[in-house]
Every structure is written in C-alpha cells, then in structure tokens.
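Report on the structure given below.
The values are calculated or read from the model by the stated rules, or taken from the named source; none is laboratory data. Quick caveat, the model's predicted, so the values are computed rather than measured. Quick reminder, even Gly has a Cβ in these numbers, built from the backbone with ideal geometry, and neighbours come from all protein chains shown. Note: accessible area is taken over every heavy atom of the protein model, side chains too, but ligands, DNA and RNA are not part of it. Shrake-Rupley method; radii C 1.70, N 1.55, O 1.52, S 1.80 Å.
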Amino acid sequence: MSIQATRMLTPGPTPIPDRIRLAMAEPIPHHRKDVFKQIMAENEDMLKKLFATEMPVIPLSSSGTGAMTAAAFNLFVPGERVLVATAGYFGERWVDIVKSRGLDPVIIRKPYGSSFDPEEIRAALDDDPSICGVFMQISETSTGALHPVKEVSAITRERDVLMIADGISAISISPVFMDEWGIDCLLTGSQKGLMLPPGMSFIALSPRAWEKAEKISQQCYYFDLVAERKKCAERQTHYTSPISLIVGLNEALKMIFEFGLDNVYRKQWALTQMTRAGLTAMGQELFIKEEGRYTWGLTSMALPKGVSAAPIVAKAYKEFGVILTTGQADIKDSVIRVAHMGWVDWGDITAGLHALAMSLPEQPKGAYLEAALEAYRNAL
Ligand SMILES: *Cc1c(COP(=O)(O)O)cnc(C)c1O
C-alpha cells in the first residue's frame, strides 16, 4: 500500500475533479423525464459555446472513435473519394475508418511529428476535383503536433469539399471556432479536455454537411446522426442515454464556463510553456520545436539515440506515482509524452517534471523546476 498520490499526466483519460465525480455519484434521473431533459438543454447550450457553433452538438455513447466512425458513415457513401492527411497514429485511424466505409482515400502521409502545409492540401484538391472530403486531426495526440485546420477549412469552404476535423485533443484545450473557421464536421470525446471518464463523444455538422447527411439513406444503424439530431431537439438521445456521464458533463461544462473558456485556454498555454521550459532546462530535446506547431494539451520530448522510453515511464510510475506515456507506433520508444490537459495544474506538472527527471538514465542537474515555474508565471 502506497500513500503516494497517483498523477495521470496522460492524453486521455485525464483526472476527474471531485465536483464532477460527486455529481456522477448521485442517484441517476430517468433519461425520458423532465429533470434529465433540463440537463440536456443546459448541456446543449454550453456545448455550442464550446464548439463555437450555432448548430446542434450531438452527444453519442461511445469513445471518440465512435464519433469518427459516425462522421465517415453519415457524410459519405462507398466509392466516394476523400483526402486523408496523416502524420501520426490518429491520422492512420482516419485512413482505417474511411476504408472501412468503402471510401476511396487519397492519402497524404508525412513522418510522425510533421504538420501539413495548407498549400499542399490545396494542390491535392486542385489535382483531383473528385475529392469531396478532407479528414484531419486538429491536434495529433500521438506526436503533439498541431495541424492547420483553420487554414485548410478556408480552402475547403470555397469548394464542394467537406472538412472533417478530429478535435478530440483540441476541444476545451486550445481555441477552435467551428463556424468561423468553416469546419463541416467537428468532434471530440469526454476523457480529454472535458475532464470526464471515457464513454461519450460529441459531434457537430455544418448546414451543408447536414444537407448531405440527410440524403444518405444507408448510414450506420447505431450512429445515425439524422435520427440523433431529432432526438437531441427533444433533449433526448436515441437509445438509452449514458445518464451519469451526461450529469457529469453538465458539471464539467459549468466548471469550464464559470472559470471562463478563455482562462481555460490561457491555463493550457501556460502549462505548455511550463513543460517546454522545464524539459529544455533539463537538457532534453523537444519533439516539436517550431512555434505555432505544437498542441497545448501535451508536450512530447525526443530521447537521445539508444535511450528507450519504456523503462523511464515505468520508473516514473513505480517510484513517483506519475503516469507519463511513451510515443505511439513509429515513435513508440523514442518519445515520451507529458500530457497536461483538463484537470491538471502547475502542481501536477511540477511533480511530473521532477518524476521524469529522476527517472532518466542520467539525472539532470540544474534548476529545471525554477525554469518551469518561471515560464508558467510569465505565460499565464
Ligand atoms: C484520444 C484520441 C482519439 C481516440 O479516442 P478514443 O476515445 O480512444 O476512441 C482519436 N483522436 C485523437 C486526436 C485523440 O486524441
């Protein structure tokens, strides 16, 4: 038995505040009764603000991948040509999902850690006018890279091309403006910036995306967005609702808007600066170096050749109770990710940086915690 706290500095699931856990511990309301409908109505208003959209944000009972699946199956029919821009593990998931829907993907694939140049997406669309959708991550969680979804949306909105954005590690972490940017389909999950347990996802469509979805008769039995939208308007979900999570979501959204969404983004930015400064002062190499190209929800560090991520991460957990993650797929053993999304603050990052430093094969000297805390203060 250890009396040491466990700190999850992981890019999902993320820690859950007591206020949310306690709300979810209450007896559940019945999902067809008015108390529940009132909660759904409040959530709907707040979710629209979070996505920065006038359109309904549909809750689904699934992890984030369910909403990704819903996007591919509700907006496209087999045989349609789409573009997938992938530079990481979650980009590859888009490839798999669009293939599972029988779509014909043009794939722009770059090494893990890359971002895309909007001009290369424009060129690909110019080359092949039969492309009718673009799939991308806003934040590629496997590497920590940010993709230019705002700029790419400015290109797709001028054409008959739908922009589908996986915002799972971006929503309530860094600014995303669905309507203003011209995103046609934006989705997220419950267990990252939203501070909830896993099990729910959220998806919103633009007016032209809904028009297309309405024409597609053979969708997906469980993820039928047209049916869900109808139920959502009645403050319901089509099948039995994940009631506890919806109650928890109400609390999470209230916390976010009481604190202020801009303050959430500011905190996320400051934690990113804190982590980057701490790692740099430790003598470590940042995996994503360029300004403007790194996500605000996690920081990845590149290990020197010959140093393996797994034992470092294992030691940080075993001896310090801090859960860090290695990279994924191509960069599994050469990168360590320190996540700082959701209910994570400067104290957690202080602990995380220290646990990481003490778990490295060669323990760094120098004032990395002071450097980290100073960067945090300056960035806040
Ligand atoms: C976490 C994550 C997913 C996968 O979500 P699940 O909830 O595990 O299905 C997809 N995309 C991104 C960018 C993520 O961060």
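Worth a mention:
- Exactly one residue among Leu225, Leu253 is open to solvent by less than 10 Å² (accessible area, probe 1.4 Å) and farther than 29 Å from Val338 by Cα, and that residue is Leu225.
Residue by residue, here is whether (1) in contact (Cβ under 8 Å) with a residue 40 or more places away in the chain; (2) open to solvent by 10 Å² or more (accessible area, probe 1.4 Å); (3) out of contact with any strand residue (DSSP E or B) (no Cβ under 9 Å at 6 or more places or on another chain) holds:
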{"residue": "Asp333", "(1), (2), (3)": "no, yes, no"}
{"residue": "Trp346", "(1), (2), (3)": "yes, yes, yes"}
{"residue": "Glu362", "(1), (2), (3)": "no, yes, yes"}
{"residue": "Leu373", "(1), (2), (3)": "yes, yes, yes"}
{"residue": "Leu380", "(1), (2), (3)": "yes, yes, yes"}
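- Number of the condition not met by Trp94 [criteria: (1) in contact (Cβ under 8 Å) with a residue 12 or more places away in the chain; (2) in contact with a Pro (Cβ under 9 Å, 6 or more places away or on another chain); (3) surrounded by fewer than 22 Cβ atoms within 10 Å (Cβ to Cβ)]: (3)
- The residues on offer are Arg81, Arg122, Arg109, and the sole one that is open to solvent by 10 Å² or more (accessible area, probe 1.4 Å) and either in contact with a helix residue (DSSP H, G or I) (Cβ under 7 Å, 6 or more places away or on another chain) or within 15 Å of the ligand (Cβ to nearest atom) (or both) is Arg122.
- For segment 3-35, the candidate set comprises residues that are open to solvent by less than 70 Å² (accessible area, probe 1.4 Å) and more than 27 Å from the chain's Cα centre (by Cα); within that set, the residue that is farthest from the ligand (Cβ to nearest atom) is Pro29.
- When Pro198, Pro175 are checked against the criterion of being in a loop (DSSP other than H, G, I, E, B), away from the ligand (no atom under 15 Å from the Cβ), touching a residue at least 24 places away in the same chain (Cβ under 8 Å) and within 26 Å of Thr272 (Cα to Cα), Pro175 stands alone in meeting it.
- Top-ranked residue in segment 69-78 [being more than 16 Å from the ligand (Cβ to nearest atom) and of a type in the set (A, V, I, L, M, F, W, C); ranked as nearest to Met178 (Cα to Cα)]: Leu75
- Out of Ile168, Ile164, one residue alone is within 16 Å of the ligand (Cβ to nearest atom), open to solvent by 10 Å² or more (accessible area, probe 1.4 Å) and at pLDDT 95 or above. It is Ile168.
- Every residue from segment 46-68 that is open to solvent by 10 Å² or more (accessible area, probe 1.4 Å), within 16 Å of the ligand (Cβ to nearest atom) and either within 14 Å of Leu205 (Cα to Cα) or at pLDDT below 95 (or both): Pro59
- Look at (1) surrounded by fewer than 20 Cβ atoms within 10 Å (Cβ to Cβ); (2) touching a strand residue (DSSP E or B) at 6+ places or on another chain (Cβ under 7 Å) and you find that Arg276 fails only one, number (1).
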